[in-house]
Structure formats: structure tokens, C-alpha cells
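> Before I ask anything, here is the structure I am working with.
Read-outs throughout are calculated quantities, based only on the coordinates presented, and are distinct from any laboratory measurement. Since this is a predicted model, take the numbers as computed values, not measurements. Here the Cβ positions follow ideal geometry from the backbone for every residue, glycine too, while neighbour counts run over all protein chains shown.
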Amino acid sequence: MKYKFFNKWDFQQIMSLYNNDPREALRQFEIYLSKYPEDYSAYTYYMSLLIRLGHFEDAENFVIWLENRLYSDQNYLSYPERVKILEKHILFTKFKLYAYQERFEDMYELCLNHSDRINELEITSIIFYMKKKLGILNAERSALSSYLLRQLLEYDEQDMLEHIKKHISCYSSEVDSQQKTVFYDSFPIQRVLAEIKKYFTPENRTYPGFIENAYYFRFDNCGKANNHLADYFKVICINNTDNIITIYPCLTSDNLPYTDLNYLRMEDDKPKVKTISQIDKFYKRYGKK
């Protein structure tokens, strides 16, 4: 049975699954949309889930379908404010889709055709990356105050290492007192950084934004996330590269593709002549600035 109006309660229940169980959220959305086919806004979230899971062709087909459906629905078109909001969501989805597909010329065309709405989307870093890829960006790394923009312009591993120090316990008392998401001092950050890149594969990744890939790893009692014990950590890379942007503990990944790294603990069971903290190892290898 189909209903004309959307169901706010059902929608919120599905959205509660969006980040931690996207596959189930996708399945629930398909059921929801079969009941409420005129909830056009819900389709944009459904398309974002398709992108998040790497189903780019399906997402593009739905974008085309939704635009055709929107402009043929005379009743909906009689509410210009609703139409404006939906068009903004569709444009946002197109940017996500084209960015992950590395269709930078198509992104540029969107910028030209919708210049009045670009600022509303708040995608400055994505436009920056697009211009860099198209060779039309005039910027110097040393002049950029934004860590992300510096890495998008020209990746630097040392800059990344400096950035992730804030997620390592005992870096400084000031950081520890303010940071709610940190790795414990026992977390083998040096070995982890050397190990994880071999798991940066398409089957292990999700696509949570525009130009970043997310990878999840299990390492029991690795740290705290929002002041709760964390058994997983998350790694963010620039799309289709092994260039790490950040790494930090997260609360749950049971329903996301993840790699169990607890085997690294076996090395901790070996006899040690001398024990030094993980943060000291980090500084020794990468240097302290």
C-alpha cells in the first residue's frame, strides 16, 4: 500500500542507521520509499547512501530519475520553496557523485551553471581540489593555513604525522585535558601506520564525503571516543590514494567493513629488553617539532 505523505518517525529511525549500518539503512530506505514514493527529499539521502557504499552507477540513475520526476510533478512544482530545497540537495548529490568518479570537468560545469548556489553548499575544499585537478588553481602550499587544503594541494606525510599527534595520548597535558578522542599510550601507532596501507582496498572502503575514503580497523581497547572506550579506529584517506589525512578511535564498526588488527598484539607478548612508550617511539621515528 502506498501513502501520499512521508513518515517522520520511520525516516528518523532509518537515519539513525545512516553512519554505522549503511547497508541496513539502504534496505530500510527501499522499503520506506515503496510506501512513500512522493517523499522526494528521502530519495536524496537514499542516493547519498548509494554513493557511500560505492554504488555510483545506481546513484547516477536515481539522480536522473529524480530530476525527471520532480519537473513532471505539477503539484510539487506549485511549492517553489520545496523545489528550491530539493534542487539544492540534488546539486549537492551530483557534486559528491562526480567527485568520487573524478569527473572534474562535469563538476566545473556544475559550478558554471549554478554559481549562485555554490556558496550555499559549503564545499570550498571540494572546489579547491577540483581546480587543482583541472590545473586552474593558483595557490602555494606555504600560504595555506588549512591543513586539509595543504594536503589536497600537495600531500606531505610529515604534515600528516604532526596532525595526528593530537589523537595520541600523552602528547601533551593540554591536549589530553581537551581531547575526547585519543589513542591510549599502549596503542602501537608506529606499527599500525606501517601495517594499514595494505588494507586500503575497494572492498574495505566507504565513501562518506566527497573526496575521502574511510577505512575501519578493530583494535580492542585502542583508545577513547567521546570519552567512551573504543575498540575500533577510523582512517581517512584522499580518494583513490593511500595518502592518510587523519586517524582516530571510533565507537563502533560492527556493521561496516573492517579489518581486525588485534594480531599486532602478539608482538607485545614477546620479551622486551627495554620498554619505551608508544609516544616516545612515535617521536623517535618521526621527530618532535
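> Subtract the Cα-Cα distance of Glu38 and Lys132 from 0.36 nm times their separation in residues, and report this length gain in nm to one decimal. Provide the component values of the computation, followed by the final result.
Numbers: separation 94, 0.36 × 94 = 33.84 nm, distance 3.92 nm.
Here the answer is 29.9 nm.
> Continuing with the same structure: Along the range 100-113, what does the Karplus equation 6.51 cos²θ - 1.76 cosθ + 1.60 (θ = phi - 60°) give for ³J(HN,Hα), rounded to whole Hz, x for Gly and Pro?
For the range 100-113, the Karplus-derived couplings read 5, 7, 6, 9, 6, 5, 5, 5, 4, 5, 4, 4, 5, 7 Hz, x marking Gly and Pro.
> List the chymotrypsin sites (Phe, Trp or Tyr not before Pro) in the range 9-101 that DSSP assigns to loop (not H, G, I, E or B) and whose Cβ has at most 11 other Cβ atoms within 10 Å. Which are they?
Answer in residue order: no site qualifies.
> A further question follows. Kirkwood Rh and Cα-based Rg: tell me the resulting Rg over Rh for the range 1-57, rounded to two decimals.
On the way: Rg = 10.8 Å, Rh = 11.3 Å.
That ratio is 0.96, to two decimals.
> Now, a different point. Could you compute the FRET efficiency for Asp185 and Glu122, with r as their C-beta to C-beta distance and R0 at 30 Å, rounded to 0.05?
The calculated FRET efficiency here is 0.25.
> Could you bin all the Cα-Cα distances of the range 8-134 into 5 Å bins starting at 0 and give me the percent of pairs in each, rounded to whole numbers?
Spelled out bin by bin, the range 8-134 gives 2, 10, 20, 20, 21, 15, 9, 3, 0 percent.
> Quote the relative contact order of the chain in percent (integer), defining contacts as alpha-carbon pairs under 8 Å separated by 6+ residues. The partial results should precede the final answer.
Details: 360 pairs, mean separation 42.4, N = 289.
Dividing the mean separation by the residue count of the chain yields 15 percent.
> Related question: Considering only DSSP states other than H, G, I, E and B, which GluC sites (Glu not before Pro) in the range 62-105 qualify as loop sites with at most 16 other Cβ atoms within 10 Å?
Glu102
> Out of residues 5 or more away from Gly54 or on other chains, whose amide H comes under 5 Å of its own, with H placed 1.01 Å from N in the peptide plane?
Tyr207
> Quick one: in the chain, what % of C-alpha pairs are over 36 Å apart?
27 percent
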